[in-house]
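The values are calculated or read from the model by the stated rules, or taken from the named source; none is laboratory data. Quick caveat, the model's predicted, so the values are computed rather than measured. In this analysis, Cβ positions are derived from the backbone assuming ideal geometry, glycine residues included, and neighbour counts consider all displayed protein chains.
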Amino acid sequence: MELALSPEDAAFRDEVRSFIAENYPAEMRVPNPETDLTKEQSLLWHRILHKKGWIAPLWPKEYGGPGWSITRRFIFEQETSRAGTLPPLAFSVTMVGPVIYTFGNEAQKKKFLPRILSGEDWWCQGYSEPGSGSDLATVRTKAVREGDHYIVNGHKTWTTLAQHADWIFCLVRTDPNAKPQSGISFLLIDMKSPGVTVRPIITIDGSHEVNDVFLENVRVPVENLIGEENKGWTYAKFLLGNERTSMAGIGRSTRYINKLKQIVEAEIPSDDPMHLDFQREIALVELDVLALEATELRVVAQMARGIDPGPAASLFKIRGTEIFQRITELTHRAIGNHGLALREQPASANRFMPGPEYGHTASEKYLNSRKLSIYGGSNEIQRNIIAKAVLGL
Amino acid sequence: MDIQFTEEQELLRSSIQRLLRDQYDFEARRKIVADEQGFSRRQWAAFAELGLLAAPFAEDAGGLGGGPLSTMIIAHEFGRHLVVEPFVETVVLVGGLIERLGDAAQKQGFIPDILDGKKIWTLAWTEKGGRFDLADVTTTARREGDDYVLSGGKTAVIAAPWADYLVVSARTSGNRRDRGGVSLFVVDRRAAGVDLQSFKTIDGRRAAEINLRNVRGQLLGKEGEGVVALEACRDRAIGALCAEAVGAIGELNSATLEYSKTRKQFGTTIGSFQVLQHRMVDMFIAHQEALSLMQHLNLSISGGEAGLSRLASGAKTKIGYAAKFVADQAVQLHGGMGMTDELNVGHYFKRISSINIQFGDPAFHVLRYARLGAAA
């Protein structure tokens, strides 16, 4: 399914397509880009996009964005995900960047934005805490003002790729006596500060994506406060809105379905009844993708006419994650007995994996994708949002 | 229908529970899995000591005569503790085959060492491209004097890296996928021409791709009747795997229920949210149904009832889907914690994922169930 494009937009789409084909680094085409790349390798594409001026499609032109229309942003998103390129680090470009240019002061914009665009600074997100998952407003990490500094103490968790991070943006409690939402501030913390400790959390697929981050008497200059003290919840909600927009993942699901079809053809003879069973399952999930894509295009068209999409992001998140989980389950099933194998981490080409290469990451993807319905606001929370904001329940 | 366990069976169950509680808690298991070997000889000896490896065998074979119900009791407790040692492979699969097919010399030669925990065995029937079809065999065996010579390959054989002996299916006549012409052979895992490429499984066990090049093997059972023997073996395996799955489901449900009563968000326990209450009710129902089918199946195996094989496929389907549902929801309700290697919940999820592949996934077995029903 395609948007009806003007000749100019169609030309833009072709330009994006050929730019990716000609410039996406071969060394980033590894079995599982999300776990197998070093920090430097995963920044290669970021730097290429930065040089081209395409690193931050959402950003206004004055801060370094390309100044694209909503349609062009969508085309870019569609082409890059269809091609299977590793997206630039979301915590930097999609999340903290817009908070800084929307709510930060001039000095903060000048200091941080260029380094986000260039990839010089790697950001991670200090939101969740052991006691604050879905209920983020109960964060307990404390920041106490002492002269020109805040003294920060607390424990952040599920911090994605904190092991690579130069900076962390944190929700901290600055007024313990206020109502939960009104005593929170948004603080930028240098990961090299004394008192910051990162501890890996290994997940069920064996990978190291997330971490605990401990903050012990960390001294943070007051100039690193975003906006006003105790107004952090407003900025946090703004950021979460951005986090949830791109979760339909149509391009990625389409790519994985195509791969699944190839695996089924290679693994299961067409006269085996399981072949028909898989065709049926694949058709059902393709229809799910089609319906979600049509919904996404409808919302994009509305946005282009200036209509607020409301909580459409919650719908995209729920369906996008459910669909992708289903595809990874089917792929894991399709490889039959070889689904028993799980790659050891850290991944190495020297370790033996049984069966054809197309199945080598099926188990880990299947396991890892369980997180999708949990993170970024669990799917239960997303349903609450729709119940409240759309249905008025 | 609810099985009233005999005093002997209750004793068996409580003695396993005691052993596993004392020696096989989650941390002990973690150490075993992380070990170079990936399983514990010491635990295996403890299982033998307690009579677990002898329990299902007939008394005249030196066993305790507990039959399939003792297997069910043991596998259920092993499922609760995520035991990695090859009980199903050595005792249920191979032990069952030798007991039924072996000649006197083979029984006397092999069974005592199984009961005593001295030798570990596994069954190598899966082949590349064969998926879950027992008759899809391209490995060949040709007669040479009193022995046979095997050549071919087997895929994803669980416990092969630990095994002293393998029982291998190979074709003595006919074409690929012919039901006739498949025979079973005992092969020394360290024999010349046996080549293993080992890997770790999704549930922390060890498996291997096996290449056989002119390997000597001795016939087990009658030539050409391997598929029939393997079908009955699969039924028994499903009885044990379903019991393991039900054990895992029960643990996931109690862990999830406990968590939902203690984990607080939005000023209250998450167990007070109706949407999660209903989810946990469905998990409870899934457990109840799975438990009932597990008993029904294992009683039928005990009685050697007609239609047993169809029932086995039915149970593998129903319990497989139930286990998958519970595992998905247990991870979901534990939130991020359910994703961690540190908590046991994810490990039950992985064990269930593995069980669902072994001897055919629920999608395979539901078709088999339908077809056997149509044929009846």
| On the given criteria, is residue A:128 in contact with a Phe, Trp or Tyr (Cβ under 9 Å, 6 or more places away or on another chain), without any contact (Cβ under 8 Å) to a residue 60 or more places away in the chain and assigned by TED's automatic domain parsing to the domain that holds residue A:177? | yes
| request: For residue B:129, state whether it is outside any strand (DSSP E or B), within 14 Å of chain A (Cβ to nearest Cβ) and surrounded by fewer than 21 Cβ atoms within 10 Å (Cβ to Cβ). | output: yes
| note | Among the residues of region A:244-277, the number that are among the aliphatic types (A, V, I, L, M), modelled with pLDDT under 95 and part of a loop (DSSP other than H, G, I, E, B) is 2
| task | Could you check, for region A:269-278, whether at least one of its residues is closer than 26 Å to residue B:133 by Cβ, surrounded by 14 or more Cβ atoms within 10 Å (Cβ to Cβ) and in contact with a Pro (Cβ under 9 Å, 6 or more places away or on another chain)? | result | yes
| message | I need a count of the residues in region A:326-348 that are charged (D, E, K, R) and within 15 Å of residue B:208 (Cβ to Cβ). | response | 1
| request: Could you please let me know if residue A:137 is within 14 Å of chain B (Cβ to nearest Cβ) and surrounded by 16 or more Cβ atoms within 10 Å (Cβ to Cβ)? | output: yes
| task | Hey, can you tell me all the residues within region B:318-344 that are more than 17 Å from residue B:261 (Cα to Cα), touching a residue at least 40 places away in the same chain (Cβ under 8 Å), surrounded by 21 or more Cβ atoms within 10 Å (Cβ to Cβ) and of a type in the set (A, V, I, L, M, F, W, C)? | result | B:319, B:322, B:323, B:326, B:327
| note | Selection from region A:196-217 of residues away from chain B (no Cβ under 14 Å), without any contact (Cβ under 8 Å) to a residue 40 or more places away in the chain and not polar (S, T, N, Q) yields A:196, A:198
| remark: Among helices (runs of 4 or more DSSP H) entirely within region B:1-112, at least 3 residues that are crowded, with 20+ Cβ neighbours inside 10 Å and under 21 Å from the mean Cα position of the chain (by Cα) occur in B:7-23, B:41-49, B:67-81, B:96-101
| remark: Condition set in contact with a His (Cβ under 9 Å, 6 or more places away or on another chain) and free of Cβ contacts under 8 Å to residues at least 60 places away in the same chain, scope region A:263-288, selection farthest from the other protein chains (Cβ to nearest Cβ): answer is A:265
| For residue A:81: the one exception among (1) surrounded by 16 or more Cβ atoms within 10 Å (Cβ to Cβ); (2) without any contact (Cβ under 8 Å) to a residue 24 or more places away in the chain | (2)
| message | So for region B:340-351 (the condition being more than 9 Å from chain A (Cβ to nearest Cβ) and more than 26 Å from residue B:269 (Cβ to Cβ)), does at least one residue qualify? | response | yes
| field | Boolean, residue B:132 is of a type in the set (Phe, Trp, Tyr) and within 27 Å of residue B:309 (Cα to Cα) | value | yes
| Count of residues meeting criterion [more than 12 Å from every other protein chain (Cβ to nearest Cβ) and surrounded by 15 or more Cβ atoms within 10 Å (Cβ to Cβ)] in region B:270-279 | 1
| request: Filter region B:132-147 down to the residues that are within 14 Å of chain A (Cβ to nearest Cβ) and among the acidic types (Asp, Glu), then identify the one that is nearest to the chain's Cα centre (by Cα). | output: B:133
| remark: Given the conditions (1) over 17 Å from residue B:128 (Cβ atoms); (2) surrounded by 21 or more Cβ atoms within 10 Å (Cβ to Cβ); (3) more than 9 Å from every other protein chain (Cβ to nearest Cβ), every one holds for residue A:350 apart from (2)
| message | So, in region A:368-389, how many residues would count as being over 14 Å from residue A:327 (Cβ atoms) and in contact (Cβ under 8 Å) with a residue 60 or more places away in the chain? | response | 13
| message | Just the residues that are within 14 Å of chain B (Cβ to nearest Cβ) and more than 22 Å from residue A:372 (Cα to Cα), please, taken from region A:300-336. | response | A:335, A:336
| request: Answer with yes or no whether residue A:260 is within 14 Å of chain B (Cβ to nearest Cβ), out of contact with any His (no Cβ under 7 Å at 6 or more places or on another chain) and either under 30 Å from residue B:127 (Cα atoms) or without any contact (Cβ under 8 Å) to a residue 40 or more places away in the chain (or both). | output: no
| request: For residues that are small (Gly, Ala, Ser) and assigned to a helix (DSSP H, G or I), scanning just region B:296-306, find the one that is surrounded by the most Cβ atoms within 10 Å (Cβ to Cβ). | output: B:300
